[in-house]
There are 2 protein chains.
Amino acid sequence: MAASIRVVSLNFFFGTNTTAAPNTTTARRTTTTTTTTRASRPRAAVAASSKAFFQSGFDHHQHHQHQSNTKKKRGDQQRVKNTPAGLETNAPLGVFVLEYDASNEDTEKTRSWKPIIKIAVSGAAGMISNHLLFKIASGEVFGPDQPVALRLLGSERSQVALEGVAMELEDCLFPLLREVDIGIDARKVFEDADWALLIGAKPRGPGMERGDLLEMNGGIFAEQGKALNEVAKKTCKVMVVGNPCNTNALICMANAPTLDKRNFHALTRLDENRAKCQLALKSGVFYETVSNVTIWGNHSTTQVPDFVNAKIGGERCTDVIEDQDWLENDFTPAIQTRGGLLIKKWGRSSAASTAVSIADAMKALVTPTEEGDWFSSAVITDGNPYGIEEGLVFSMPCRSNGDGSYEIVEGLKINDWLRERIKKSEEELKNERGCVAHLMGVEGGSCPVLEDTLLPGEM
Amino acid sequence: MAASIRVVSLNFFFGTNTTAAPNTTTARRTTTTTTTTRASRPRAAVAASSKAFFQSGFDHHQHHQHQSNTKKKRGDQQRVKNTPAGLETNAPLGVFVLEYDASNEDTEKTRSWKPIIKIAVSGAAGMISNHLLFKIASGEVFGPDQPVALRLLGSERSQVALEGVAMELEDCLFPLLREVDIGIDARKVFEDADWALLIGAKPRGPGMERGDLLEMNGGIFAEQGKALNEVAKKTCKVMVVGNPCNTNALICMANAPTLDKRNFHALTRLDENRAKCQLALKSGVFYETVSNVTIWGNHSTTQVPDFVNAKIGGERCTDVIEDQDWLENDFTPAIQTRGGLLIKKWGRSSAASTAVSIADAMKALVTPTEEGDWFSSAVITDGNPYGIEEGLVFSMPCRSNGDGSYEIVEGLKINDWLRERIKKSEEELKNERGCVAHLMGVEGGSCPVLEDTLLPGEM
């Protein structure tokens, strides 16, 4: 299936797409070079105007189809206008007017590659994305035979930074990174997406209640859900990272009724990783020996890191760490509040480890889970075997056969200690759902005053 | 050679190291747990006091030797005190009192691993390091069978942030990351280092001349050179990233006379990557087809990206891009000033792509260079085949057989255009050397007023 990558592009559409005539004249003021064309069927350069782009978005799909019909021989190269514009930031940039003709590549190498997959990322100019995008582009997440297209969703405020991110991605020369598109219209950026990583969320302003935050971010995720519903692949996997992520995922899901609810995840993998680390430290083993760690519930301070079912070196965690008091009163709150602690240390959110955990969470879905183990992900509770209220996005133990889907692992022991805390997190999520009912198309939701379970400063 | 990893540790020494008695009492206020010891030969927890650490540094070497003599059987686990301290940032942190006993690991997996290598990183709390450290720890640079120890050098100012970085590294559960040490004393942090990545440098303050910057940062690199000379492995590879990196590398080298001068590099790989990208864009090919790109000279705006000897799809670049005007007057300044352009876009230095290029530069030394190709690195000019003044650190085309060493590639065509520009960069580096002569132990250096060739805001 090399068709989708035989001719590819790294696109920064800053104008309405012109699949138009060869040698389209661009609006750039800095063009100092002539376009020499040797190609028998030359392709067009795309008109450059960052302003126009951010008003009109881009029409990537048509453009791509056009390209796929264009097949050229080695050495039969299209010269496109591309003048790096130096330091004049008001001038549209060369990099935004370009097409690669990958038919000149070493096809021996790319022949075995899988069809390209499209990964849309919101909050793409933020710090978490700044780590994650480069990991995905390097092949670390999907492997060395999986070419990727990155579709970066920003905001008007982050527009220029997003250009910088795209330029830096270029400068890294990642062989697997075949396309980069940037934009501020989710309906364009999510088009045909195989994955949507919803990282962007507004942080809480001064004096803002948790309910206000739910409302404000909920609106964003309702819109993004509608966009996914309209333009993403029906198999698109959606991973919500922007907080409050469980309820944001629920809102997104409710607004994307044509996508399977089981395609939505909210990230609790960072919490799982943190829990594994602390259990390893306590028991004096390296962290690879810790397995079967579940985070139950909401990605908030009500989350329940499960030491009851966890294993260390194949033994029950509670047999290895014979210190119930530490497990209940030190370990548990340490995991629940580690994000806040890191913010105090580092002065900002833990972007690098969050990005690593997003990559872990994605890899968990595209790699078969190791025999006997599981991973944590917040998923729809419909039909869950633990009696948790349906219609919530709740972190539970999951397994995957590596095809992108998952199943909830049954049969974990829920003792009284766990049950009580899982219940509390469930109540919190029911309350959150009540507060955003109107964003889910549900009448008459009630919104109690919510306890503040977000960590100070955590996004 | 599993000996060095059979028993390893992830260490955050915040006290003078006590290889002392088991169950060393810590100074922590938050200890709420008892240490249960099942080990026949228990090891000690390390006293925790971040203050003490930053005064006294740590004595890792002794500690490590102690550990290497401690070999335990599966299940024979040492319980160490480790109480995550929640949000009380004044309390010393649990993670800084820990030892892993990796003898409990799956030895099938680790048996084929290479001996651990120690990578010291200065400026470890900065943005470039924040990308690079996680890449190295993930195995991306040295491969999946190379365990690594990270030694993070910060400053008093960055001390708390450095703790945050170390905690985030923990939270990522990287299997190959076997040790993390942090400190502010280069003589401790560089001990036994196989690699020293010197990323930290002070940015230029308002109104500061380039000469002042040279002086200020030169002092840092003189000290770090002395430290490397005293405590690093004699085979230690030193890569200087902090600017002005060529002259900083020269100062460092002059202060480390027992290390081979050929072990020092200043980073011009990012410039090379940027040049490859722009040539690919211009010629409409994917960037993998661009090869043999040299950056000559100083990592400043006098650098010379060499399109004369570059190749595109195996053809001469100038045969593919038949636009001399673009090559000379657009391409060349675009590469020289791209860093500054990115800062304007992104609002800060291009940390992510810099980190990728550092990883590329390291990989270039530990992987055999592809037949017929080369890479750019700023290295000592002694004995160079291009008539460049000796005793400078100057970017030139290099090849490696993958053992960490390199050779300068001979026979590149230097036409008048190149010669004139290479000469200018050489003159600049001679002037810079004159300004820092006293830092290199040389009498009577003269320091002319230097033209400002650092990019605005670039570090």
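Just so it is clear, none of the values below were taken in a lab; they were calculated from the coordinates. Since we're looking at a predicted model, the values are computed, not measured. A quick note on method: Cβ atoms are made from the backbone with ideal geometry, for glycine too, and the neighbour counts reach across all protein chains shown.
The table below lists the values:
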quantity	calculated
Per-residue ³J(HN,Hα) for segment A:180-196, Karplus 6.51 cos²θ - 1.76 cosθ + 1.60, θ = phi - 60°, Hz, x for Gly and Pro	9, 10, 10, x, 10, 10, 4, 5, 8, 5, 7, 4, 6, 5, 8, 9, 10
Peptide B:135-143, shielding by other chains (average Cβ, 10 Å cutoff)	2
Peptides ranked, highest mean first, by Cβ atoms within 10 Å: ranges B:380-391, B:174-185	B:174-185, B:380-391
Sites residue B:216 and residue A:344, calculated FRET efficiency, Cβ-Cβ separation with R0 41 Å, nearest 0.05	0.85
Lysine pairs meeting the criterion (Cα under 17 Å, 8 or more apart or interchain), as found in segment B:269-440	4
D_trans [Stokes-Einstein, Kirkwood Rh over alpha-carbon pairs] for segment B:125-173, 4 °C, 1.567 mPa s, µm² s⁻¹	114 µm²/s
Amide H contacts of residue B:377 (H built 1.01 Å from N, under 5 Å, at least 5 apart or other chain)	B:396, B:398
Average beta-carbon neighbours from other chains, 10 Å sphere, peptide B:343-355	6
Footprinting exposure proxy for B:262, B:204 (fewest neighbouring C-beta atoms within 10 Å first)	B:262, B:204
FRET efficiency, residue A:192 to residue A:316 (Cβ-Cβ, R0 56 Å, nearest 0.05)	0.75
Segment A:269-440 shape via C-alpha gyration tensor axes, a/c threshold 1.5	rounded
About the Cα centre, charge dipole magnitude for segment B:269-440 (Lys/Arg +1, Asp/Glu -1 at Cβ), debye	720 debye
Full-extension gain in nm, residue B:324 to residue B:420, via 0.36 nm per residue minus C-alpha separation	32.9 nm
Within 10 Å of each Cβ in A:174-182, the average number of Cβ atoms from other chains	1
